[in-house]
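Colleague: First the structure, then my questions, so here it is.
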Amino acid sequence: MSEAFSTEVGPWLRGCAQPTVDLDAVALLFAPPVLYGEFYPWEGASLAAPPAGTAGRGPALAPAFGRAVARACDDAAVIGVSFSGGIDSLAVLTEACRQAQGRRVVAFTIDLTDDQGRSAAAVAAALIARLQLGCELQIIETSARTEPAWSPAGPRLDALPQLNATVAARAAGLGCEVLLSGDGADEVLEVPRFASIELLATRGPRAAARYLSDRGRGSVLVDEAAAGIARLLPAQASWRMYWAATWASTMGAAVPAAVTDNYHDPLRDWSERWLAQRRDQDHASTSWAQKFAHDAIWPHAPLIGAGRLAERSPFLDPEVLAAAADLSPGHRYDPALPTAYHRNKAAVVSLFAPRERQVLPPAKQYFQTALRELVERCDPRLLTAAGLIDPARIDTADTAVSMTIAATESWLRAASVRGARIPGVSP
């Protein structure tokens with residue numbers, strides 16, 4: 001392939017004189033495990049889990065995180081941080097400011113309105129002021145759209161690629177040499193489901209009771225009881241129960257109706273093979289909490305830059321991933337913290353100094369309404385011409401399917417401009 005298409009992995013047919021898109025590989029982006037698991041399905045494209053260690057208390061997390069931020073910043077004279085106003089990106093911003101040593105730090109916040117009507121920009125500004133971080137804050141309006149940089153590795157899988165590309169462009173324009181984020185923190189460090197048994201063993205009955213109260217009532221008690229019973233069952237029976245209680249409604253869903261009939265059987269067959277492989281790999285532990293903590297992050301899509309800046313997340317640094325793997329489910333939760341949000345994000349809260357923890361946001365912000373409004377309904381002309389998407393059924397698409405259609409159409413359009421051949425579209 002030419003230099004513009006040079007990549008070791010990606011949805012490309014090998015051995016062609018002209019770079020040619022492998023539509024069968026592109027179609028896998030709409031297989032339910034990929035669609036809802038948010039990873040790249042082609043071999044070697046997504047981050048793989050490190051070798052399993054022994055889950056323990058994980059005391060090395062904070063120093064590992066500090067070293068990861070230092071590596072991510074390297075010798076950048078100006079450090080950019082994508083800052084949503086949540087605890088994860090706040091941890092990155094706080095550590096970057098702590099290590100700046102006179103270097104300029106610029107935070108970038110997309111001014112989304114959360115489901116409670118609060119401005120992300122106002123929340124971000126208040127946190128920076130309370131923590132006296134000494135960084136600049138740049139607000140990105142949701143009307144500011146930039147086409148993300150194209151990569152031969154595949155389409156971007158983030159929720160708002162054009163807005164994230166605007167962040168990257170603004171950061172580059174202000175002289176930033178790296179753009180950090182809190183990507184992956186939820187999946188890597190959050191308290192998993194089914195952790196009451198581990199909490200009972202490591203923190204005692206009051207901690208387990210508080211965890212259950214934070215999770216809610218009703219089906220939660222049924223789930224936790226099932227996780228306990230499953231420890232006594234054969235591995236395959238336990239796994240089938242686990243799958244039904246967790247990922248069956250998403251990764252095990254039907255192929256989206258917007259996909260043409262020609263691809264339904266191949267995508268269903270691939271999903272079933274992926275599921276069988278996952279089941280065979282998942283028998284090592286009888287703990288549903290450990291399974292869930294692993295499955296929440298692996299496999300994980302790598303960061304593909306939205307612009308010309310290097311983009312890095314300290315939470316995906318190998319040393320942090322290893323420290324997180326050593327953190328048992330029972331030690332990811334802290335019953336002594338003041339709010340349910342903090343208790344379930346205890347590992348991330350531990351990255352802040354005691355005085356800083358007093359001003360952390362007490363609850364998680366959700367942006368479901370804003371995301372639905374901002375996902376653009378595109379005209380999938382190339383996907384239609386290639387025989388992958390049926391435009392007559394596109395109205396059936398949920399937010400995840402709509403985002404993948406838009407991202408894939410944009411990626412194919414940019415590939416075509418660069419001279420790639422798209423079967424069914426290009427001559």
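The values are calculated or read from the model by the stated rules, or taken from the named source; none is laboratory data. Here the structure is a predicted model, which means the values were calculated and not measured. For neighbour counting, all protein chains shown are included, and Cβ atoms are generated from backbone atoms with ideal geometry for every residue, glycine included.
Colleague: Every residue in the range 257-286 that is in contact with a helix residue (DSSP H, G or I) (Cβ under 7 Å, 6 or more places away or on another chain), assigned to a loop (DSSP other than H, G, I, E, B) and either under 22 Å from E190 (Cβ atoms) or aliphatic (A, V, I, L, M) (or both), please.
Modeller: Within the range 257-286, A257, A258, D282, S285, T286 qualify.
Colleague: Does at least one position in the range 110-127 carry a residue that is more than 30 Å from R418 (Cβ to Cβ), among the β-branched types (V, I, T) and not assigned by TED's automatic domain parsing to the domain that holds S313? Outline the logic, then answer.
Modeller: Keep residues of the range 110-127 that are more than 30 Å from R418 (Cβ to Cβ), which gives 111-127.
Restricting the remaining residues to those that are among the β-branched types (V, I, T) gives 113, 123.
This time we only want the ones that are not assigned by TED's automatic domain parsing to the domain that holds S313, so: none.
Checking the range 110-127: not a single residue is more than 30 Å from R418 (Cβ to Cβ), among the β-branched types (V, I, T) and not assigned by TED's automatic domain parsing to the domain that holds S313.
Colleague: Please list, ordered by residue number, the helices (runs of 4 or more DSSP H) wholly in the range 315-427 having 3 or more residues that are under 23 Å from the mean Cα position of the chain (by Cα).
Modeller: Where helices (runs of 4 or more DSSP H) fall fully within the range 315-427 and carry at least 3 residues being under 23 Å from the mean Cα position of the chain (by Cα), they are 318-325, 340-344, 346-349, 368-374, 399-417.
Colleague: I would also like to ask the following. Report those helices (runs of 4 or more DSSP H) wholly inside the range 161-218 carrying at least 1 residues which are within 21 Å of the chain's Cα centre (by Cα) and closer than 20 Å to S350 by Cβ. Let's see the steps before the verdict.
Modeller: Working: elements: 161-173, 185-189, 196-202, 205-215.
It comes to 185-189.
Colleague: Output the number of residues of the range 364-378 satisfying the condition of being at pLDDT below 90 and in contact with a Lys or Arg (Cβ under 8 Å, 6 or more places away or on another chain).
Modeller: Qualifying residue count, the range 364-378: 0.
Colleague: Right, another one. If you go through the range 89-129 one residue at a time, how many are more than 20 Å from the chain's Cα centre (by Cα) and assigned to a helix (DSSP H, G or I)?
Modeller: Residues flagged as more than 20 Å from the chain's Cα centre (by Cα) and assigned to a helix (DSSP H, G or I) within the range 89-129 amount to 15.
Each row is one residue, and each column tells you yes or no for (1) at pLDDT 95 or above; (2) closer than 22 Å to L351 by Cα; (3) in contact with a strand residue (DSSP E or B) (Cβ under 8 Å, 6 or more places away or on another chain).
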position	(1), (2), (3)
R67	yes, yes, no
A72	yes, yes, yes
V81	yes, yes, yes
I87	yes, yes, no
L90	yes, yes, no
F108	yes, yes, yes
Q116	no, no, no
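Colleague: Between a residue in the range 312-327 that is under 16 Å from L180 (Cβ atoms) and any residue that is assigned to a strand (DSSP E or B) and at pLDDT 95 or above, which pairs come within a Cβ distance under 8 Å, given they are 6 or more apart or on different chains?
Modeller: Pairs found: R312/V178; R312/L179; R312/L180; S313/L180; P314/L180.
Colleague: Return yes when E224 is more than 17 Å from H294 (Cα to Cα), assigned by TED's automatic domain parsing to the domain that holds A76, acidic (D, E) and surrounded by 13 or more Cβ atoms within 10 Å (Cβ to Cβ) and no when it is not. Explain how you work it out, then say what you get.
Modeller: Details: more than 17 Å from H294 (Cα to Cα): yes; assigned by TED's automatic domain parsing to the domain that holds A76: no; acidic (D, E): yes; surrounded by 13 or more Cβ atoms within 10 Å (Cβ to Cβ): yes.
Spelling it out, it is not the case that E224 is more than 17 Å from H294 (Cα to Cα), assigned by TED's automatic domain parsing to the domain that holds A76, acidic (D, E) and surrounded by 13 or more Cβ atoms within 10 Å (Cβ to Cβ).
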